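Comments concern the structure below.
The values are calculated or read from the model by the stated rules, or taken from the named source; none is laboratory data. Every value quoted in this text rests on a predicted model; they were computed, and no experiment measured them. Every residue, glycine among them, receives a Cβ derived from its backbone with ideal geometry; neighbour counts consider all protein chains shown.
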Amino acid sequence: MTRPTAALLTGLRQIGAHYLGAGVDVGVVAYEGGDAGGHGGGAQIESGEQLLTAYWALSGYGLRASRALTWLGAAMLFTIVLLMAFGLAQDSPKQTATGTVPAGEGKVTFEIDKDDPQNPTGNRFTGERFGKALNITLNSVVFRSSGQELTTAGTSIEMTSRLTEPVLLGLAILAVGNRIKR
């Protein structure tokens, strides 16, 4: 299947040229054969082509729900593997309380401290770790915090997941909506 990026860009350029010729200020309109109003358009065209290519690859221009869901599933699986390998702490850090008990009826004060999460050692791919990673990943798709103790790498993985996976879910929902309209 060929992607119609070139044809789509040509059509968008023609529309922009038409509006520009009619005196409508459309901002930066770049079309082949020149630039609009003295604005440099090369970088905008390249980034626009990259954005259209990504939109096509991820969801088939919002018409392929299966493609968007496949990408979402692949991203979730990748996140689970990364969390199991690098993101989950070896053990949940324990809270420790230290303090002094004064003689008589004095006031007891405790200082509660929590250790930093430690990177895992040994077998990282276990059923328990898979369950935790799956929980974190499913929560990240809908912008919820999992409450799990993560290593520094795990926090970065979760943040990246919370940024990209909802976009893929949104593209899938958009594609289903477009499919229903057709």
Problem set entry | Near pairs, Cβ below 7 angstrom, 6+ apart or cross-chain, from the stretch 161-181 (among the charged types (D, E, K, R)) to any residue that is in a helix (DSSP H, G or I) and surrounded by 15 or more Cβ atoms within 10 Å (Cβ to Cβ) | R162/S140; E165/L72; E165/A75; E165/M76; E165/S140; E165/V141; R179/A65
Seminar exercise, completed: Exactly one of G38, G99 is outside the structural domain of N178 (by TED's automatic domain parsing) and at pLDDT below 80, and that one is G38
Seminar exercise, completed: Quick count over the stretch 130-161, residues being at pLDDT 85 or above and of a type in the set (K, R), is 1
Exercise. Just checking, how many residues over the stretch 134-182 are surrounded by fewer than 20 Cβ atoms within 10 Å (Cβ to Cβ) and small (G, A, S)?
Worked result: 7
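For N178, indicate whether it is in a helix (DSSP H, G or I), in contact with a Ser or Thr (Cβ under 7 Å, 6 or more places away or on another chain) and not assigned by TED's automatic domain parsing to the domain that holds L52.
Numbers: in a helix (DSSP H, G or I): yes; in contact with a Ser or Thr (Cβ under 7 Å, 6 or more places away or on another chain): no; not assigned by TED's automatic domain parsing to the domain that holds L52: yes.
Considered against the rule, which asks whether it is in a helix (DSSP H, G or I), in contact with a Ser or Thr (Cβ under 7 Å, 6 or more places away or on another chain) and not assigned by TED's automatic domain parsing to the domain that holds L52, N178 comes out as no.
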